[in-house]
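The values are calculated or read from the model by the stated rules, or taken from the named source; none is laboratory data. Just so we're clear, the structure is a prediction, and the values are computed from it rather than from any experiment. We place every Cβ from the backbone using ideal geometry, glycine too, and count neighbours over all the protein chains shown. Remember, those area values only see protein heavy atoms, side chains included, never the ligands or the DNA or RNA. Shrake-Rupley method; radii C 1.70, N 1.55, O 1.52, S 1.80 Å.
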Amino acid sequence: MPLSPPAPRTARHQRRVNYQGYERDDGLWDIEGELHDSKMHDAPSFRDAGMRRAGEPIHHMWLRVTVNRQLVVQAIDVAMDTHPLKDCPQAQPALQSMVGCSMARGWRQAIQKNLGGVASCTHLRELLFNLATAAFQSVPAVFSSANEDEPPRHLGQCTGWDFHGNGVKEYFPQFYRRSPDGLAVPEDRAATQSPTADAHTGR
């Protein structure tokens, strides 16, 4: 469904972000991200001391993060095809500090700890943040659990998968009206928690 008609306006900036997930023959997974920024008009270029033409990239960056089925990072490859300043590529080596980190838990905190501030690049951090979402969508094993009494990770993380909502009731009835730790919610509490109310809590 398209958005409502906009007010009169002029296009100024375009950002394209693309993610893809690949299952490797060795049992690992490659999750790749690409970020491309451009202006819709000619503008000065800091790096080349000239003009950057409309549509030419300001940022064009790539990441390949290799993870295992538990989403623990095994390797990282980075490329900065286009960047605004000559020193920008100096941000690349810091990405290796993310090897060994888990996308399943504490991912954003690990990025901020290892790559925050001047340690790396704002745009590589942004690309890395949402790489975890692409990994979750790519690797089927992350949604399952070895313990059948433990709910899948995605339950309780959005309105559609609210423990008190119709999605869980229909597709994961064994966890319906349970808390994120898999324990049953007392009847008096469950009665006061409707899907509508839970939607406002962000569950």
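For Ala11, indicate whether it is exposed (fewer than 15 other Cβ atoms within 10 Å of the Cβ), in contact with a strand residue (DSSP E or B) (Cβ under 7 Å, 6 or more places away or on another chain) and of a type in the set (Gly, Ala, Ser).
Working: exposed (fewer than 15 other Cβ atoms within 10 Å of the Cβ): yes; in contact with a strand residue (DSSP E or B) (Cβ under 7 Å, 6 or more places away or on another chain): no; of a type in the set (Gly, Ala, Ser): yes.
Taking the combined requirement at face value, the residue does not satisfy it.
Can you pull out every residue in region 109-125 that is of a type in the set (Val, Ile, Thr) and either open to solvent by 50 Å² or more (accessible area, probe 1.4 Å) or in contact with a strand residue (DSSP E or B) (Cβ under 8 Å, 6 or more places away or on another chain) (or both)?
Val118, Thr122
Given the condition in contact with a strand residue (DSSP E or B) (Cβ under 6 Å, 6 or more places away or on another chain) and touching a residue at least 40 places away in the same chain (Cβ under 8 Å), answer yes or no: does some residue in region 39-52 qualify?
no
Which of the strands (runs of 3 or more DSSP E) contained wholly in region 50-96 include at least 3 residues that are modelled with pLDDT of 95 or more and open to solvent by less than 30 Å² (accessible area, probe 1.4 Å)?
57-67, 73-82
List pairs: first in region 149-166 and loosely packed, with under 14 Cβ neighbours inside 10 Å, second at pLDDT 85 or above and not in a loop (DSSP other than H, G, I, E, B), Cβ under 7 Å, 6+ apart or cross-chain?
Every condition considered, the pairs that remain are Gly160/Gly167.
Suppose the filter is at pLDDT below 90, more than 24 Å from Asp30 (Cβ to Cβ) and aliphatic (A, V, I, L, M); does Val185 pass it?
Taking the combined requirement at face value, the residue satisfies it.
Restricting the search to region 24-33, which residues are part of a strand (DSSP E or B), of a type outside the set (Phe, Trp, Tyr) and either touching a residue at least 60 places away in the same chain (Cβ under 8 Å) or open to solvent by 40 Å² or more (accessible area, probe 1.4 Å) (or both)?
Restricting attention to region 24-33, the residues satisfying the condition of being part of a strand (DSSP E or B) are 29-33.
Next, only the ones that are of a type outside the set (Phe, Trp, Tyr) stay: 30-33.
Once the filter is applied, which keeps residues that are part of a strand (DSSP E or B), of a type outside the set (Phe, Trp, Tyr) and either touching a residue at least 60 places away in the same chain (Cβ under 8 Å) or open to solvent by 40 Å² or more (accessible area, probe 1.4 Å) (or both), region 24-33 yields Ile31, Glu32, Gly33.
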